[in-house]
Every structure is written in C-alpha cells, then in structure tokens.
Amino acid sequence: MADEVEPSLDIPRHLKYWKMCLRSPLPSLYQSNEGNRMALAYFIINSITILTPFQPVPRADGTIPTPLIAPGERRQLREWVLSHRHPSGGFSGTSSLVFPLHGYEEWDFETGTSSREHLGLANITATLFALQLLVLLSDDETPEAAFRGVDRVQTLRWLSRLQREDGSFGEVLKMLPDHGWFIGGGYDMRYCYIAASIRWILRGDVNEGEPGWVEDFDTGALAQYIISSQTYDGGFAGSSKEEPHAGYAYCAIGALSLLDRPLEDSSASHPSKILNSGIRNMPGLIHWLASRQFNYLEPGQHDDDYDSDEDEVNFVLPRSLADLSLEKNQRYIGYNGRCNKVADTCYSWWVGAALANLGREGLVEHAPARRFLLEKMQHRIGGFGKKPGNPPDLYHACFGLCILAVMGEEGLNQLDSALALPVEMVRRIEKARTALLSREGENGTAGRLAKDIVGIGLGLRDEKPGWLTAAGG
Amino acid sequence: MPPKSKAAPKPKGADSSKQPTLTPSTSNTTPAVPATVAARSQLRYDDSRPHDAARLKAGLTGLPRDEQAAWISARFARTPAARTRLPPKAQRELWRQVNEASLPVRALRGGTKGSSWGRDRNGLDVGGYSVERFDEREARRARLTCLEVASRGFRERRERERKGLRDPATGEAVFVSEGEVDAERVRRGEMADLRRELYGTVQGSFALDPEWDDVIPIPQDEPEAALAAIAYPADYDEAISYLRAVMLKKEYSQRCLRLTETIIEMNPAHYTVWLYRASNVFALKLPIADELEWLNQVAFANLKNYQIWHHRHLLVDNLYPALAEKPDELARFAAAERDFLTQILVQDTKNYHVWSYRSYLVGKLGVWGSPEELKSIEGLIDDDVRNNSAWSHRFFLVFSDPAHTTPGLVATEPDPAVPQDITSREVEYAKEKISLAPQNQSPWNYLKGVLVKGRQKLSSVEEFTGGFVKGLGNKDGSEDVQSTHALDLLAEIYAEKGDKEKADLCLRRLGEKWDRIRVGYWEWRRKCLEEA
C-alpha cells in the first residue's frame, strides 16, 4: 500500500471549473435553486478564495499571476450582495425577491405609520451567506470595511424575531392574513446554526446601555432546543422527534460552540463550555460520527450483492466481515449522512468538520478519505460530484474543497471548520465587527446612517471626494 | 409639370437588353419576371433611370450616341432646377425627345443597394423572398395589424368597463361579455402564432391571457456584475415578473393562487411562493381540505421537495382546532394522512421530510399509542430491516408517548416512567430483527437505546450479543465475528461489569481486524477505558 502513489489535487483544474461558474450563467439545472442564489454565490466565491493563495506566488518567470476576481469586480460584486439588503434587516435570498424601492413602503395615511410588513422576505440562510460574501469580497487593503453598508442593529433585531418559543429558529418572517406574524421554515437545525453564526459575526461585546447594544436572542433556549435534539443513538436530528442526520449533527455542534466562541483570535475547536457540558451524551455523539465512515467498495467487486437501484450504487455489502479486513478494502473511505445510507461528498465535510469542531479530527483516518474524494468524487472538468462518477455541482464541489482544506491539503488555504471560511477571512470578520461597532459607538444611529451612505458611495467609486477629505473625513 | 407625364415608368424592351444582370428576359413583349422582391425593386429602379446602370459602368462617353442623348434628356426631364435654366427653345426640344423616346420623367430614389428588407424569424433576408412568398408574408402582417387594432379595442372597452365609463359612440355603459373575453383569448392566440411565424418572437402565456391585462409585470432589474445568475426559461422569468407585480399589490385572489401553482410546477423549492400561496388560502378563507387534496398530487410529483411538507404542516396547524372538537373527524383525518404517507413512503422509503412531517403529525394529533401507526412502521421494517428512518420513528412513537413517559427528557436519558413490559417488548423486537441481519447497525442502536431508556443493564443482553462473536482473541484462526456492532456492545457490557481486560480485547480486535476503517476510534475508546 505504502508504495502506491497518492493522488494529487489539480488546483488549476478546480479553478477553471469555478471560473466557468463565476463567468457564465448557471445551466437551467439550477432553476430549483433560484430562491437561494446567495448560497450559490457563496459556494463560488468561497471556493475561489480557498484555492487562491493570499500571498500571490510568483510564476517561474517572476511575474505575479493576476487574481481571478480583480479589485474593481470585487467592489461590483459586493454591491450586488448589498442590493439584497432588506429594509427590516437581513438579506433576501435571491434577486427576484428584491423589489423596487417604493415597494417597501406601505404607508397608512390615516395614521401616518408604516404597516411594518415589508415586501419580499429576508432569509436567515441568505443573511449568513451574504455576510460571509461581504468578507470574502472585502478589499485586501481595507478588510475592516467589510461590513460597511450592513445594518447591524436591524439585522440582529430581525434575527431575534425569528426565534420560536421552543428556542429554535425559522428561516423567514411573514405576515399571514388573519394569522399575524408567522415564522416560516421547518424545525431545522441548520437555522439554529445560522442564527448562532450571525450572532457571532455581528453582535460583539456591547453592554446594555452602550451605543450599539441590541437585545440578544434567548441563547439558553436555543442551547436547550439543540441539546434536547440528541437521539437515542447519539446523533442529532432536526428536532427531538426525528432521525439523526450528519448535517444536523454538524449544525448542532457548531451552534453550541459558536454561542460562547471568543470574539478575537478564536478557533473552531475552542474549549466551548456550552458544547462540552451541554451535550448529554458526548461519547454517544462521537460513536455516531465515527460510524458514518463508510468502506467504499467498487461496484462489481461483489456482484452478487450489487443492486442497480440508484441509491444503492455504492452501497456494496461484503459477503462476510472477514472479507472487509483485507488490506485492499481500506483504500477508500466515504461518509454517509445517516445509518445505512450511501456515501456522498458533502458528508465527508459534515462529519469531518463536526469532528474537527469537537477537536476530534484525529479519530478518523485522512488518507483514505482524501483518496475517496480525489479518485472517486473528483470530476474530469474539476469540482466534485455527489456520488462517484456524478458531474460536479456547486454545493458538492465547494464542500469537497472545504474538507480537504480542513484535512490540511497542500495548496489550499487553511479553513475554519465551524464557519466554513478560510481562517484569514475569520480574522477579517473580527476586524470588520470591531470597525462596525466603533462606528456605531462614535456616531449613534444618525451618524452611522450618514457614514454608511458615504461608505456605500466610496465602495462604488473607490475614491474619496475632495470635500470629504477636506472636511477631515 | 411636363405636358405629358407618365404615371409610372414603363419597362422598355430595347433598353432592358443592356441590363444583363437583373432582367432574365430580353423579349420585347413579355415584361421581365424578377426572381426575388429585391430584384423586382432593382428592376423598377433601373427602369426609372434609363441607361444609368450602363453609364455607371462605362462612363457617359462610353455609351452609344443615341443612348447618351437619351440619358441626358431623362436627366434634364426629371431635374426641374436644371431644366428651367434651359432656354425655352431647348426646353421644347427636350420634351419632344422625351415623348418620342417615352423617357420616364421621374426616378425612384435612393437605389436598392443599402436598403434593408429586414430578416425573418430564421434570420434570412426578406429581400430574397419570391414575390408570391413576399405577398403571403405581407398578408399575414396585415392580418396581424387588424388583430392588433381589434385587440386594442378590446383593451379599451375593458378599461372603460373597469372605470365605469360610457361608450363614446353609443353613450351606453360598457359591458364586456364572457364571449368577448373568449374571442380575445382566441385572437391573442392567433396574434402570438403570427408573431412567432413572422418574427420568431415568443410571447409568454400571461401576456396572452386577458385575465392578466390589468397587471403590469415587474421584470427583474439586475446589475451587470451579479453572481450565480441562472439561465432559466423565459416562461419562468415571465411568471416571476407577474408574481412580483401581484405581491407588490398585495393581491389575494383565485388567479394568484393559479399563478403560484404555475410557478410551483416550475420550481417547487421557491419558499416565498409557498408562503404567498398560504397567504392567498388564508385571505380567501379557502377550505383547507381542498388545499391538502391539491397538495397530495404535488407531493407525488416532487418527492424530494421539502417546502411541500412545510406548507402541509402549516395547513394542518390551521385545520387542527376544528378537528380537535370532533373525535370522529380527527380519527378519519389521521387515517387518511397515514394512508397518504404510506403511499409516499413506498416510493421513497427514507425521505427525511416525509418522516419529519409524520412525527409532527403523531404529536399534533396525539396518536402515539395508535396500533395502526405502530403496525404501519413494522410493515416498513419488514420490507427493509435496514430502514433507519423507520427505526427512528418507532423509537419516537414508543418513548415519547406521554401516556407512559416523562415529558422533556432527552432521548439518551433513562426514563423511570417507562413500564417494564414495554421495554421488554422492544428489546425482543430488536433482537428478532438483529438475527435477520447481524451486521445491520439500526436495530443494535435501537437495542442499546431501549436498554438505556428503560434503565436496564446492558449485560441483560450479554448472552444474546455474545452469540455473534466466537473465539475472540484466539490465534488459531477460530475467531469469528458476525457483527462488529455486537463486538462493540460487548465491550460496553464488559466495561459495565468492570472487566476492563475483556472490554479492551473487544476494542483492540475491532481496530486490528474486524472494523479496521475505524481503528482511530477504537484506539480512542481503549484509551478512555484505561482512564476510566
């Protein structure tokens, strides 16, 4: 085994795939994701950032390669992200839900007030991805300006309103006729994780009464909701009533650990009190995560058991356990998301990153997991597919790179497994949060608004007007 | 004005013989038949300027003398500014020559070189059409214009009706009948066909439907630099632009309901459309049962979609208060939902969203103890003993039933309220299923979960578990393990009994031989055991 050559990650080929996704419209295959364009945008920009060294490496002839996204284009793309801001806080998930500005105003002329129900819906998932994109697209010279234009106070207030009585979070807030405000979206651990992420990114450490203070959501209720969603076999489900799922396990661990993650110089696997003393059965959780490893056998190797059902294509069972202990069967390790399901690229990430967040990445072997991704899931044109032989898609291609980066793949930027961003970008979040808070502290709301407007203008033009410089701005 | 003027230039047989390229016929009697409409125009142009084409080629001095004279006469005849400067005598001479030679006194302007006939829907130059084909096209264009005029008339009448204005001709109130609307629908269909045939333009179905005339669609306005734009079809784009318009108006109506249906058919994952649909259902106070019935069909067509299940959840939340007062109806509803879920799960046995909805429904309707529900789950496990979704649901059914459990406990916590007979029943059930497929982890997880919940010692299943492991640690090749999960549980049983050495042997053999892909995990367990 040792003399076999390990596969290598073809970085230029992956970049080529992502360049295609960046430059040309996505095929109509993605139509069902039309409501979640912000997520697709995150997959594209995050992957390009993971693949691009922060310090450009000179070519053999000494020239510096030009970045895939030039600074001017980064500013334009930031504007696109900012155009999804919702007047009530948060971001909309897609451009088709951004309305002409007058559409947001609903004045009752009798009382002279706005009904407060704005059109379109800010979406919790889109809001996290938009904040991450603003950081990923921030100016390398002034990363602390990443959150310029973000209405931190409104967004955090809106976030609190998405929390249900049981502590969980929904994805959207909508006024339904005869029903009042309705928190939409299922009971889904993803929204809990996203709420904890947005809170960590934006809230900061402000005491009550100080400028920029916003009432926190009920973190105790959120933690309690998550903790009570652990299942009898140690995993985590969307709620206490359901089947455990690797994506939800990642979200449960990530959310708990983000609730008390330090605001500066923090790492994904910081010793979180809420996580470590909160989870009722930690050995059970680790057992469940370790059980997601999946011995990938080539179809046809055991023809008797081969099932042509699509869901079973790489779920080949050995004739007996003794067969599995043969050396050649240890070559590829995939991960599944639920017991008795098949391997899928994204679960290499959800499980691998969940273990990394627990500081337990050493419990799984990296080499066979890496081989599985590079030899079975990687596609000729770059990117990763869902299952062996599948064409690549944005979601699997992004999370394939993410887990390789967590496993320390050479040539990829180091990744924070709790925030799914390069560590360098997490440092930028910390700086940008500080800058956002100090602006609010200095100016109060009115000053902040004025400064934000100037900030947006500067972002667009990338230059300070003479009068502002003269005024000492 | 000349004394005798000819209304139109006549083609001259003798002259046209000098124009070899454009006139196929040189006969004196039959007029030339152009192959295309562009050629016909060229012919007409040349006929109105005798000898001009030849002059351009050879120069004036290169023409025979009589042709030179004719060209000059024609030129003067059609240029009054030059002509009037001639002395009267010369003018008379000019008209004489013009009459004798039947020269045209007017010329077609502009030439045909740069003129554009436009292109048809296939990108072909219309100038290349034959005369017959061109006439046919023109007839269609005329037909389209007539229809457009009629259609505008319809829209105006509609507008008057809406505003309560009177017909200016008759002074009567305007009333647009159903028949007129139907006729307009037919008319627009024909107009759309004509536009497609003539210009290749495709019109969306909403623009064609008179029902949507009062809505001005709001197309998306996207900056040049945008991320993740999707090349979706034009009809989706059109539908979304109408959705934006009605959302902006906050309109709730039957047509909005149909609009959401159209969009859901194209993209069932659009959560906003679902919420807007729910708003319509509630605002119009539509029967929730009808909406559920509609939803059933959508669910079958979109098995992997989960917005459908959120919508269903919301509908049932709203239906429940009325059901709760009538136990019979509640039971009927529970049975109907179970039947529906059974049908769905036959097609997709591990669909997470369906199972989530199912557990929600059990809680909402309070049917934990329903023998039918338990039987239905047993059927699914009988079909596929590896269906972990079904195992999870069974655990929820049995151990979240408020009739015999403590509310608020986490699933991994022991519950003193669970009766012994239920624990025993579930232990036996798990054991039976393990025997069918010992390497199936689902019932092993279930077994351990039941023992913990029911406060039973793990060692109560030591004998059963040990049955899957033979000669552990033997170096003579007699060691045989039928189930790594049994070996895993044995390690815990030995640890529970305080027999660290045996527990360690189980874990070591798992990492060394029987479950090598998890060697890191088993080694960690050994370390934990040592430290315990």
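Can you give me the distance in nm between label points at A:ASP61 and B:GLU512, each placed 7 Å from the Cα along the Cα-to-Cβ direction?
The two pseudo-label positions are separated by 6.1 nm.
Each label point is 7 Å from the Cα along the Cα-to-Cβ direction; what then is the distance between the points at B:LEU86 and B:GLU265, in nm?
Here the modelled spin labels are 7.4 nm apart.
Given the Cα-Cα distance of B:ARG141 and B:ARG166 and 0.36 nm per residue of separation, how much length would full extension add, in nm?
5.8 nm
Could you compute the net charge surrounding A:PRO422? Neighbours are other residues with a C-beta less than 12 Å from the C-beta of A:PRO422; K and R count +1, D and E count -1.
0
Once you've got the Cα coordinates, tell me which of A:LYS241/B:LYS304; B:LYS364/B:LYS433; A:LYS241/B:LYS250; A:LYS386/A:LYS431; A:LYS273/B:LYS304; A:LYS273/B:LYS350 are over 27 Å apart.
B:LYS364/B:LYS433; A:LYS241/B:LYS250; A:LYS386/A:LYS431; A:LYS273/B:LYS304; A:LYS273/B:LYS350
Between B:SER130 and B:VAL176, what's the calculated FRET efficiency when r is the beta-carbon distance and R0 is 45 Å? Round to 0.05.
With R0 = 45 Å, the Cβ-Cβ based efficiency is 0.55.
Please list A:VAL5, A:VAL57 from largest to smallest accessible area, probe radius 1.4 Å, with all protein chains kept in place.
Working: A:VAL5 125, A:VAL57 90 Å².
The ordering from most to least exposed comes out as A:VAL5, A:VAL57.
Treating the beta-carbon of each Lys and Arg as +1 and of each Asp and Glu as -1, no other charges, what is the dipole magnitude of chain B about its Cα centre, to the nearest 20 debye? Display every interim value, and only then the final one.
On the way: 79 positive and 79 negative charges, 1002 e Å.
Using only the charged Cβ atoms, the result is roughly 4820 debye.
Please give the Cα centre distance for segment A:388-411 versus segment A:24-86, rounded to the nearest Å.
Cα centroid of segment A:388-411 versus Cα centroid of segment A:24-86: 16 Å apart.
Between B:GLN347 and B:VAL33, what FRET efficiency follows from the Cβ-Cβ distance if R0 is 51 Å, with the result rounded to 0.05?
Computed FRET efficiency for B:GLN347 and B:VAL33: 0.15.
What are the ³J(HN,Hα) couplings of segment A:400-416, residue after residue, when phi is run through the Karplus curve with 6.51, -1.76, 1.60 and θ = phi - 60°? Round to Hz, x for glycine and proline.
Per residue, the Karplus-derived 3J(HN,Hα) values read x, 5, 4, 6, 4, 5, 5, 7, x, 4, 5, x, 9, 6, 4, 10, 8 Hz.
For the interface of chains A and B, what total accessible area is buried with a 1.4 Å probe, rounded to the nearest 100 Å²?
7300
Name the long-range amide H neighbours of B:ILE230: under 5 Å, sequence gap of 5 or more, or other chain; modelled H, no Pro or chain starts.
A:LEU26
Taking the Cα centroid of segment A:205-239 and of segment A:128-148, what is the distance between the two, rounded to the nearest whole Å?
Centre-to-centre distance over Cα atoms comes out at 26 Å.
Taking 0.36 nm per intervening residue step and subtracting the Cα-Cα distance, what contour gain separates A:SER320 from A:ASN390 on full extension?
22.3 nm
To the nearest µm²/s, what D does Stokes-Einstein give for segment A:1-68 at 4 °C and 1.567 mPa s, using the Kirkwood radius over alpha carbon pairs as Rh?
On the way: Rh = 14.6 Å.
Calculated translational D: 89 µm²/s.
So how do B:LYS89, B:LYS475 rank on accessible area, 1.4 Å probe, biggest first, that is with the largest at the start?
Sorted descending by solvent-accessible area, the residues read B:LYS475, B:LYS89.
Mind listing the phi-derived Karplus ³J(HN,Hα) values for segment B:275-291, rounded to whole Hz, using 6.51, -1.76 and 1.60 with θ = phi - 60°, and x for any glycine or proline?
Each residue's phi maps through the Karplus curve to give 5, 5, 4, 4, 4, 5, 4, 6, 5, 8, 6, 6, x, 5, 4, 5, 5 Hz.
All other residues with a Cβ under 11 Å from the Cβ of B:ILE264 taken together, and with Lys, Arg as +1 and Asp, Glu as -1, what is their net charge?
Working: positive: B:ARG258, B:ARG277; negative: B:GLU261, B:GLU265.
Here the charged neighbours net out to 0.
Assuming R0 = 22 Å, what is the FRET efficiency of B:SER435 and B:SER459, from their Cβ-Cβ distance, to the nearest 0.05? Working shown, then result.
On the way: r = 20 Å, r/R0 = 0.89.
Calculated value: 0.65.
Near B:LYS470, which aspartates and glutamates are there with a Cα under 13 Å away, not counting those fewer than 8 places off in the same chain?
Counting by Cα, and skipping residues close in sequence, B:LYS470 has these aspartates and glutamates nearby: B:GLU479, B:ASP480.
Over all Cα pairs of the protein assembly as shown, how is the pair count split among 10 Å bins, expressed in % and running from 0 up to the last occupied bin?
Histogram of Cα-Cα distances, whole percents per bin: 2, 9, 15, 18, 16, 12, 9, 6, 5, 4, 2, 1, 0, 0.
Where the centre of each part is set by its Cα atoms, how far does segment B:409-438 sit from segment B:488-532, in angstrom?
24
Reachable aspartates and glutamates from B:LYS326, Cα under 18 Å, same-chain residues fewer than 8 places away excluded?
List returned: B:ASP317, B:GLU337.
Please arrange B:VAL105, A:VAL135 by accessible surface area, largest first, computed with a 1.4 Å probe and ligands excluded.
B:VAL105, A:VAL135
Threshold 40 Å², probe 1.4 Å: give the residues of segment B:504-532, in number order, that are less accessible with all protein chains present than with their chain alone.
SASA drop of 40 Å² or more in segment B:504-532: B:LYS513, B:TRP514, B:ARG516, B:ILE517, B:ARG518, B:TYR521, B:TRP524.
Label B:GLU428 and B:THR201 with points 7 Å out from Cα along Cα→Cβ: what is the distance between them in nm?
Those two pseudo-labels are separated by 7.7 nm.
Through the Karplus equation 6.51 cos²θ - 1.76 cosθ + 1.60, θ set to phi - 60°, convert the phi angles of segment A:210-224 into ³J(HN,Hα) values in whole Hz; use x for Gly and Pro.
Here the 3J(HN,Hα) series is 7, x, x, 6, 10, 4, 6, 6, 7, 5, x, 5, 5, 4, 4 Hz.
So between B:LYS500 and B:GLU100, what do we pick up on full extension, going 0.36 nm a residue minus the alpha carbon distance?
Taking B:LYS500 through B:GLU100 to full extension adds about 130.9 nm, to one decimal.
Below 12 Å, Cα to Cα, which aspartates and glutamates can B:LYS500 reach? Residues fewer than 8 away in the same chain don't count.
Cross-link targets: B:GLU492, B:GLU530, B:GLU531.
Non-local amide H neighbours of A:PHE169 (under 5 Å, H modeled in plane, Pro and chain starts lacking H): which ones?
A:ARG164, A:ASP188, A:CYS192
Using the heavy atoms of the protein chains alone and a 1.4 angstrom probe, what is the accessible area of chain B per residue in square angstrom?
Result: 51 Å² per residue.
Add -39500 (n - 2.57) for each DSSP H run of 4 or more in chain B, then divide by its residues: what number comes out at 222 nm, to the nearest 500 deg cm²/dmol?
Computed ellipticity for chain B at 222 nm equals -19000 deg cm²/dmol.
The values are calculated or read from the model by the stated rules, or taken from the named source; none is laboratory data. These numbers were taken from a predicted model, which means no experiment stands behind them. Glycine also receives a Cβ, built like all others from the backbone with ideal geometry; neighbour counts cover every protein chain displayed. To get the accessible areas, we keep the full protein, side chains included, count just its heavy atoms, and leave off ligands, DNA and RNA. Shrake-Rupley method; radii C 1.70, N 1.55, O 1.52, S 1.80 Å.
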